[in-house]
Amino acid sequence: MDALTAWAVDLGFDTFVFWPAASAERQLALFAEDVVPAVRERVEAVRSGR
C-alpha cells in the first residue's frame, strides 16, 4: 500500500490496473475491500497534511 500511496501522491497516478496472479475472485475482493480504501485514506491524509 505504501507504493500505491507514493505513486498517487508523488507521481500523480490516479488509475491502477488490477491484474490478479491467481484466485482472481479472492484477490479482487481483497483489493476492493482492503487495499483501495486504505490507499484512499492514506492519500487523503498526506494531501491534507495529517
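The mean accessible area for residues of the chain, using a 1.4 Å probe and ignoring ligands and nucleic acids, is 81 Å² per residue.
Under 5 Å between amide hydrogens, built in the peptide plane, is the criterion, and for F13 it picks out A8 among residues at least 5 positions away or on other chains. Rounded to the nearest Hz, the phi-derived 3J(HN,Hα) couplings of region 15-24 under the Karplus curve 6.51 cos²θ - 1.76 cosθ + 1.60 (θ = phi - 60°) are 9, 10, 8, 8, 9, x, 7, 7, 6, 3, where x marks glycine and proline. Its DSSP H runs of at least 4 residues, each contributing -39,500 (n - 2.57), put the calculated 222 nm mean residue ellipticity of the chain at -17000 deg cm²/dmol, to the nearest 500.
Of the solvent-accessible surface of the chain, computed with a 1.4 Å probe over protein heavy atoms with every protein chain present, carbon and sulfur atoms account for 57 percent.
Of the three principal axes defined by the Cα atoms of the chain, the extents in descending order read 37, 18, 14 Å. The heavy atoms of L30 offer some 70 square angstrom of accessible surface to a 1.4 angstrom probe.
The values are calculated or read from the model by the stated rules, or taken from the named source; none is laboratory data. Keep in mind it's a predicted model, so treat the numbers as computed, not measured. The area values use the complete protein model at the heavy-atom level, side chains included, leaving out ligands, DNA and RNA. Shrake-Rupley method; radii C 1.70, N 1.55, O 1.52, S 1.80 Å.
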